[in-house]
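Before any comments, here is the structure.
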Amino acid sequence: MRFVRVLGVLAAASALLATPALAADEIVVGFATAASGFMQAYDKPAQDAAMIRIDEINKAGGLLGKKIKAVFADTKTDQAEGAKAGLAVLDQGADLVIVSCDYDFGAPAALQAQSAGKVSFFLCAESIKAGIPGVGPASFSASVLAAVQGATMAEWAYTKKNARSFYRLLDSWTVYNKGICDGFDWMMPHLKDAALAGSDTFKNDDASVASQITRIKGLPKEPDAIMLCTMMPGAVSAIKQIRAAGIKSMILNGSGVDGSYWLSAVPDLSNFYVPVQGSVYGDDPNPKVTEFNKKYKEVTGGDPSSQYVYPGYVLIDVWAKAVERAKTTDTEPVVAELEKMNGEATLFGPRTFSKELHHQNQGRYLIVDTEQGKPKVVDQWTISEKIPVDYLVSK
Amino acid sequence: MSQRPSVIWRTIATPVILAVLLLAMAALTYQFGSRAFNRTVVEMFINIMVVAGLYVFVGNSGLLSFGHISFMCLGAYMTAWLTIPPVMKSITLKGLPVWLLHTKLPMWVATPISGLFAALFALIVGRVIMRLSGIAASIATFGLLGVVNNVYSNWDSVTGGQGSIVGTPATMNVWNGWLGAAIAIAIAYLYAISRSGLALRATRDEAVAASASGIDIVRERLIAFVVSAFIIGLAGAFYAHFLSIVNPGSFYLRTTFITLSMLVVGGMYSLSGAVAGVVVISTLIELFRNLEKGVSLGGLTVALPNGVQEIAIGIITIVILMYLPTGLTRNQEFSWRGWPLQRRLAPPVQAALKESN
């Protein structure tokens, strides 16, 4: 039974190591996010931004006179570990549980927070499920719905660029991609005279999109705009192939392709448009965003790589405001205060929460235009109408 | 010796010992463990179900299967369809048949149905796959995994596609988890000592002789395949209740390989090996995860870099298999008496002797 004995010792050792520590006169914010695995690339930057806001608040005297203390648990980009990470930060007394960027990976921790009666916030999830429908009434997301991105691009291109014929190209890999195209689909009937010239799908890891390109080339007239609902890493190859085939239509995207890190792969890319919540290129109309970028560089040693850094900052900002107004960190009053926010100004666009929706179904987006491989903010746009919650949930 | 244990006790000693050991673990965890640790133990119990299911097929037939996690997927989704409140289903899973859309069953009814569903599916595909021999069958099961995963990832109106479906009631705790593991162990053991289990092991060790003795290899394999699918279907149902969200990514390569390595490390020809493998690997994973988080030693926090756990588990697995190629239990079953003595005998001879008795 030697081996059983060894087992017993190991089990006892790991149980001892798991003893939690409790905090006293502090407000605890728990990060149940990925510190390893592929989600780390999404979670870490947004988490750094959240920490910058926490630092600012602590330097300015704290929240309700108390310092905010951050505690962390690694989800390891694993759903079962995510639930445990959620419990681990709750056991350390977290009043707010911040979970992974993606709905699928953040939900297990958020569900734990929900059943413990605590507020949870997705760092930057853009699915309608990240909130009431997929977690519960105390769950929020700091970003803007993917559908708003698709709708924004369609309406903006129609109004400002006179686009009338659209082609819809969907990468069916993720729910996020589908979300962009859902928003586009919802907007299309609202645009008088706009027509869908065609629609096609591909998969993110398809080596070639030649057959899709052939169908675009086969159209009687090149479409004014291609709505490309995709994300990294497959986006680069698709964009490169579309341009290499001589298709010059404007390409409309979701925020998932923001960032200049990949542009060298498609030299001299032009007529390429991306909606962003804030500009990482140093030309945001709000000088405070550029200031934030500088601060981010000081703290992390690098520039923000894409706009997905910003929701982390927004998250702490709106939550702290709600706590201040509610004068407590208790869930019910804080949720009530959050739900009162209507066009609450943040560095990265206004935020609105309601009893029906803890996400943004309308939002101000900056439009970044890439010309000759140089991205630049050229405009900003807010969709004229909110995308109905029923439509979003039914998708 | 006059106190030689009774036949019944000798027959059921292994599952009873395993279940009691696990019950002790459950009780200790419930008493002393944090909530996160409780979840770790439930996850371990679910893995025991999966690996016990794998043992039924892999251990008895000697064929490696890469496709059994697809049964976990079938079980988990079936449970989700049966237990998610109809209001939620009618929004997100519009493609479900109407009767299913309006069904809401309690966990203890939905779980066996999910197991049966997986078993039925295994019966259908097994009739084809089990005709193949050796490596061809293994690769065919791998194909099965791919097919199931792709269907569940893309049939949006029924499975919710790549996204997760939420709403399976979170009813898991260590006691339920233990019960699941105990049931899985009981079924696996009963199968192993059954006529069919014995016949299948005969085909594993000496296919030609077994065939000449009148054993229908395809039939025996199919029975094991269906039984194991039932157990793993149950495990899938438990997993859906454990995580409350179901998505196809959870039931793919990662789970396939971690459960297979648990089986091999423990000793794939014995049920005790299957269970021991899960316990040891789970314990090691948890230990290294805690070391990654950091341990304070007299005011000094020492932490391993993130990612060491995966590397360490790989290395430990290799070392175990170098020194114990037949696994931690050397393919022996736990029994009350004579255990250390039996271990000194060469395992195949031992196994053959035991079966011929």
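Taking max minus min of the alpha-carbon positions on each principal axis, segment A:283-395 gives extents of 49, 36, 22 Å, largest first.
The Kirkwood radius of chain A, taken over pairs of alpha-carbon atoms, gives through the Stokes-Einstein law at 37 °C and 0.692 mPa s a diffusion coefficient of 150 µm² s⁻¹.
Approximating the spin labels as points 7 Å out from Cα along Cα→Cβ, the B:ILE193-to-A:ASP303 distance works out to 7.1 nm. Subtracting the Cα-Cα distance of B:VAL109 and B:ALA209 from 0.36 nm times their residue separation leaves 31.7 nm of extension gain. In a simple Cβ point-charge model (Lys, Arg +1; Asp, Glu -1; nothing else charged), segment B:7-255 has a dipole of about 160 debye relative to its Cα centre. Taking the square roots of 5 times each eigenvalue of the Cα gyration tensor of segment A:213-270, largest first, gives ellipsoid semi-axes of 20, 12, 10 Å.
For the protein assembly as shown, the alpha carbon convex hull comes to 174 Å³ per residue, rounded to a whole number. 3J(HN,Hα) along segment B:297-305: 10, x, x, 9, 9, 10, 9, 7, x Hz, from the Karplus curve 6.51 cos²θ - 1.76 cosθ + 1.60 with θ = phi - 60°, whole Hz, x for Gly and Pro.
Placing unit charges on each Cβ (+1 for Lys and Arg, -1 for Asp and Glu) gives segment A:90-188 a dipole about its Cα centre, and among A:ILE132, A:ALA116, A:MET188 the Cα reaching farthest toward its positive end belongs to A:MET188.
Computed from backbone phi with θ = phi - 60° and the Karplus coefficients 6.51, -1.76 and 1.60, the 3J(HN,Hα) list for segment A:350-365 is x, 10, 10, 10, 9, 5, 8, 9, 9, 8, 9, 9, 7, x, 7, 10 Hz; x is used for glycine and proline. For A:MET341, B:MET88, B:MET44, the sequence from fewest to most other C-beta atoms within 10 Å is B:MET88, A:MET341, B:MET44. Here the extension length gained between A:SER394 and A:ASP330 equals 19.8 nm, from 0.36 nm per residue of separation less the Cα-Cα distance. Between B:ASN150 and A:LYS294, the FRET efficiency estimated from the beta carbon spacing at R0 = 56 angstrom works out to 0.75. Only helices enter this figure: runs of n ≥ 4 DSSP H residues, each worth -39500 (n - 2.57), summed and divided by the residues of the protein assembly as shown, yield -17500 deg cm²/dmol at 222 nm to the nearest 500. Take the Cα of B:ALA136, step 7 Å toward its Cβ, do the same at A:GLU56, and the gap between the two points is 6.7 nm. Phi angles across segment A:159-167 convert, under the Karplus curve 6.51 cos²θ - 1.76 cosθ + 1.60 with θ = phi - 60°, into 3J(HN,Hα) values of 7, 8, 10, 6, 6, 10, 10, 10, 10 Hz, Gly and Pro given as x. Charge tally around A:ASP268: other residues with Cβ under 11 Å, Lys/Arg +1 each, Asp/Glu -1 each, net +1. For segment B:7-255, the square roots of the Cα gyration tensor eigenvalues, ordered a ≥ b ≥ c, give a/c of at least 1.5 with a/b no greater than b/c, which places it in the oblate category. Considering the options A:PRO304, A:ILE247, A:MET51, tell which one lies farthest towards the positive end of the dipole of chain A, charges being +1 on Lys and Arg and -1 on Asp and Glu at the Cβ, about the Cα centre. Highest projection toward the positive end goes to A:ILE247. The longest part of chain B holding none of the exposed loop trypsin sites (Lys or Arg not before Pro), meaning those outside H, G, I, E and B in DSSP with at most 15 other Cβ atoms within 10 Å, is B:132-336. With both labels modelled 7 Å from their Cα along Cα-to-Cβ, the B:VAL319 to B:LEU179 distance reads 4.0 nm. Computed about its Cα centre, the charge dipole of segment A:193-346 is approximately 440 debye, with only Lys, Arg, Asp and Glu carrying charge at their Cβ. Here chain A is assigned +1 on the Cβ of each Lys and Arg and -1 on the Cβ of each Asp and Glu. Its dipole about the Cα centre then comes out at about 300 debye.
Readers should treat all values here as calculations from the given coordinates under stated rules, not as data from a laboratory. Just so we're clear, the structure is a prediction, and the values are computed from it rather than from any experiment. Backbone-built Cβ (ideal geometry, glycine too); neighbour counts: all protein chains shown.
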